[in-house]
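Q: Take a look at the following structure, please.
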Amino acid sequence: MIQGGSALKGTVTLSGAKNVALKLIIASLLCEGRVVLTNVPRIGDVEELLHLMIDLGVGINWKDKHELEIDPTTLKNHKVDLLYGSKTRVSFMLFAPLLHRFGRALIPNPGGCRIGERPIDRHIEMLRAFGAQVEYDSSTGYYSAKANSGLKTAKFRFSKPTHTGTELAIMLASLIEGQSTIENCAREPEIDDLIAFLAMAGVKIERNDDVISVWGVSKLKNNKEPFTISFDRNEAVTYASFALATKGDIEIIGASRETLSSFIEKVREAGAGVEEKDNSIRFFYQGPLKATEIVTDVSPGFMTDWQAPWAVLMTQAEGVSTIHERIFENRFSYAPELIKLGAKFEYFSPPVENREDFYHFNWKAENASPQAVRIYGKTKLHNGVLKVTDLRAGATLLIAASVASGESVVLGASIIDRGYETIEVKLRQMGANIKRV
Ligand code: EPZ
């Protein structure tokens with residue numbers, strides 16, 4: 001339940017990055033001994049992945065609220081149970097540790113429909129390039145991978161960049177002795193945490209622009225020190241957008257300029273204030289917001305995960321803003337919900353030279369839907385009953401409800417909890433009038 005109208009003020013501390021924690025939990029299964037991770041966010045996606053780990057026989061022990069110890073030595077199962085595998089999008093990344101440990105892996109189609117192949121075609125192509133035999137059985141919805149004659153080093157180029165695909169390739173190559181080269185890699189900073197984690201375990205990995213070289217080893221060294229997970233930049237963007245949309249002023253502890261540069265640029269362009277400090281960034285409202293044009297891109301561009309909170313902000317800016325989504329097809333599930341509150345959106349298809357190249361998803365003419373929206377601001381938002389569909393869009397609805405006049409209900413808060421740790425506690429600390437019922 002959210003009562004609109006209160007500006008966010010004060011400070012908030014970020015949690016560890018969801019999209020680092022998930023991968024390091026999986027990468028720890030490549031290790032010989034116990035691994036300790038700190039600054040692990042207590043969020044739904046992490047809890048779901050840990051249930052899956054326990055089902056595989058892995059030892060899991062929370063040493064402290066955000067400190068997790070993983071014991072990979074008791075891993076005994078090469079088959080991911082459908083119950084757990086279909087709940088976490090990253091379960092397919094278990095191909096790397098399971099193939100190395102057992103020479104085979106059975107993993108359900110990541111949360112997709114049971115007939116079509118969910119888009120992990122680039123990951124499968126990469127696994128095959130490293131010597132794995134991978135088949136998909138649409139009657140069971142399972143992928144099966146084998147490495148009968150063992151895995152071999154490879155020089156592989158992704159057809160289009162893929163964040164988790166790049167990470168899976170790095171994990172796989174880390175335990176194949178010799179040099180592998182991966183081209184057209186993604187550049188999200190979360191990948192750098194995985195590289196640092198594996199480097200600590202004795203794997204030499206070098207990134208040179210979009211080419212990553214991995215000198216694999218026969219086995220990883222035990223990490224003496226706990227590994228600290230970087231802060232979540234997607235969480236930072238959510239709170240910054242929240243503050244600006246409610247005409248507030250907040251300081252975000254843990255926000256770093258390096259990982260938010262393209263967001264900071266747009267905030268300034270919209271006429272809001274940004275003050276960078278040593279280990280925090282202050283975002284503050286300083287007068288009417290200006291409309292902006294956004295085209296999402298891979299890192300270091302404006303992230304696809306940021307466009308939903310940004311859209312709400314642009315309903316409060318003067319003029320017509322546009323958001324053109326390049327990475328995921330039709331990632332505007334929040335739009336119909338905001339329209340319920342009085343926002344004015346218009347879908348459109350911007351002219352694009354070569355759609356197959358321009359869009360990062362596998363663009364197909366037959367099911368093309370508009371990949372851009374015009375947002376007409378400034379619109380007064382009124383309260384409503386909102387339904388959360390996906391994680392980032394969910395947080396966006398909280399912002400909209402806080403901007404709207406009157407009391408709103410947001411249904412499906414558990415989806416938001418998948419990626420945000422105690423979001424209502426953090427927001428209440430900054431003055432939001434929000435309670436979980
Ligand atoms: C990661 O997703 C993140 N998820 C996403 O965050 C993030 O939005 C995205 O990267 C972009 O940075 C995690 O790290 C767990 P991609 P990922 O592979 O790796 C298509 C969040 O809410 N594609 O770079 O799945 C794909 O469908 C999530 O935290 C194929 O078609 O993204 C997408 O349209 C949302 N075939 C595009 O490419 C493939 O084999 C980019 O996907 C692989 C990808």
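The values are calculated or read from the model by the stated rules, or taken from the named source; none is laboratory data. Given the structure is predicted, the values throughout are model-derived calculations rather than measurements. Here Cβ is always computed from backbone atoms with ideal geometry, including for glycine, and neighbour counts include all displayed protein chains.
Q: Of everything in the stretch 261-284, what is in a helix (DSSP H, G or I), surrounded by 14 or more Cβ atoms within 10 Å (Cβ to Cβ) and of a type in the set (Lys, Arg)? Give them in sequence order.
A: LYS266
Q: Do any residues in the stretch 171-186 that are in contact (Cβ under 8 Å) with a residue 24 or more places away in the chain and of a type in the set (Asp, Glu) have Cβ atoms under 8 Å from those of residues that are within 16 Å of the ligand (Cβ to nearest atom) and in a strand (DSSP E or B), where the two are at least six apart or on different chains, and which pairs are they?
A: Listed pairs, sorted by first residue: GLU183/PHE156; GLU183/ARG157.
Q: What are the residues in the stretch 289-319 that are more than 11 Å from the ligand (Cβ to nearest atom), touching a residue at least 60 places away in the same chain (Cβ under 8 Å) and either assigned to a loop (DSSP other than H, G, I, E, B) or surrounded by fewer than 21 Cβ atoms within 10 Å (Cβ to Cβ) (or both), if any?
A: ALA291, PRO300, GLN316, GLU318
Q: I've got another one for you. Hand me the list of strands (runs of 3 or more DSSP E) wholly inside the stretch 114-158 holding 1 or more residues that are at pLDDT below 95 and either under 25 Å from the mean Cα position of the chain (by Cα) or within 20 Å of GLY216 (Cβ to Cβ) (or both). First the steps, then the outcome.
A: Working: elements: 133-137, 142-146, 155-157.
The qualifying strands (runs of 3 or more DSSP E) are 142-146.
Q: How many residues are over 26 Å from the mean Cα position of the chain (by Cα) and crowded, with 19+ Cβ neighbours inside 10 Å when one looks only at the stretch 8-28?
A: 0
Q: Please enumerate the residues belonging to the stretch 41-68 that are within 20 Å of the chain's Cα centre (by Cα) and either surrounded by fewer than 18 Cβ atoms within 10 Å (Cβ to Cβ) or of a type in the set (Asp, Glu) (or both).
A: If the condition is that a residue be within 20 Å of the chain's Cα centre (by Cα) and either surrounded by fewer than 18 Cβ atoms within 10 Å (Cβ to Cβ) or of a type in the set (Asp, Glu) (or both), then ARG42, ASP45, GLU47, GLU48, HIS51 are the ones that fit.
Q: Further question: Would you confirm, using the coordinates I've provided, whether ASP192 is under 18 Å from the mean Cα position of the chain (by Cα) and within 15 Å of the ligand (Cβ to nearest atom)? Before the answer, list the steps.
A: Numbers: under 18 Å from the mean Cα position of the chain (by Cα): yes; within 15 Å of the ligand (Cβ to nearest atom): yes.
Yes; evaluated as a whole, the condition is true for this residue.
Q: Would you call THR88 hydroxyl-bearing (Ser, Thr, Tyr) and within 24 Å of VAL58 (Cα to Cα)?
A: Values: hydroxyl-bearing (Ser, Thr, Tyr): yes; within 24 Å of VAL58 (Cα to Cα): yes.
Yes; evaluated as a whole, the condition is true for this residue.
Q: So, one more: Kindly establish whether GLU251 is at pLDDT 95 or above, within 20 Å of LYS9 (Cβ to Cβ) and over 17 Å from the mean Cα position of the chain (by Cα). Steps first, please.
A: Values: at pLDDT 95 or above: yes; within 20 Å of LYS9 (Cβ to Cβ): yes; over 17 Å from the mean Cα position of the chain (by Cα): yes.
So GLU251 passes the test.
Q: Within the stretch 407-417, which residues are in contact with a Gly (Cβ under 6 Å, 6 or more places away or on another chain) and modelled with pLDDT of 95 or more? Give the steps one after another, and end with the answer.
A: We begin by selecting, within the stretch 407-417, every residue in contact with a Gly (Cβ under 6 Å, 6 or more places away or on another chain); these are 408, 415-417.
Within the stretch 407-417, SER408, ILE416, ASP417 meet the criteria.
Q: Would you say GLY319 is under 23 Å from LEU260 (Cα atoms), out of contact with any Asp or Glu (no Cβ under 8 Å at 6 or more places or on another chain) and not aromatic (Phe, Trp, Tyr)? If you could, list the steps in order and put the result at the bottom.
A: Details: under 23 Å from LEU260 (Cα atoms): no; out of contact with any Asp or Glu (no Cβ under 8 Å at 6 or more places or on another chain): yes; not aromatic (Phe, Trp, Tyr): yes.
Considered against the rule, which asks whether it is under 23 Å from LEU260 (Cα atoms), out of contact with any Asp or Glu (no Cβ under 8 Å at 6 or more places or on another chain) and not aromatic (Phe, Trp, Tyr), GLY319 comes out as no.
Residues checked against (1) crowded, with 24+ Cβ neighbours inside 10 Å; (2) within 17 Å of the chain's Cα centre (by Cα); (3) closer than 23 Å to THR304 by Cβ; (4) free of Cβ contacts under 8 Å to residues at least 12 places away in the same chain:
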{"residue": "THR389", "(1), (2), (3), (4)": "no, yes, yes, no"}
{"residue": "ALA401", "(1), (2), (3), (4)": "yes, no, yes, no"}
{"residue": "LEU411", "(1), (2), (3), (4)": "no, no, no, no"}
{"residue": "ILE416", "(1), (2), (3), (4)": "yes, yes, yes, no"}
{"residue": "ILE423", "(1), (2), (3), (4)": "yes, yes, yes, no"}
{"residue": "ASN433", "(1), (2), (3), (4)": "no, no, no, no"}
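Q: Would you mind telling me which numbered condition in (1) touching a Phe, Trp or Tyr at 6+ places or on another chain (Cβ under 8 Å); (2) away from the ligand (no atom under 16 Å from the Cβ); (3) closer than 20 Å to ASP390 by Cα SER91 fails?
A: (2)
Q: I would also like to ask the following. Could you list, in sequence order, all residues of the stretch 310-332 that are modelled with pLDDT of 95 or more and over 14 Å from VAL373 (Cβ atoms)?
A: Of everything in the stretch 310-332, those that are modelled with pLDDT of 95 or more and over 14 Å from VAL373 (Cβ atoms) turn out to be GLN316, GLU318, GLY319.
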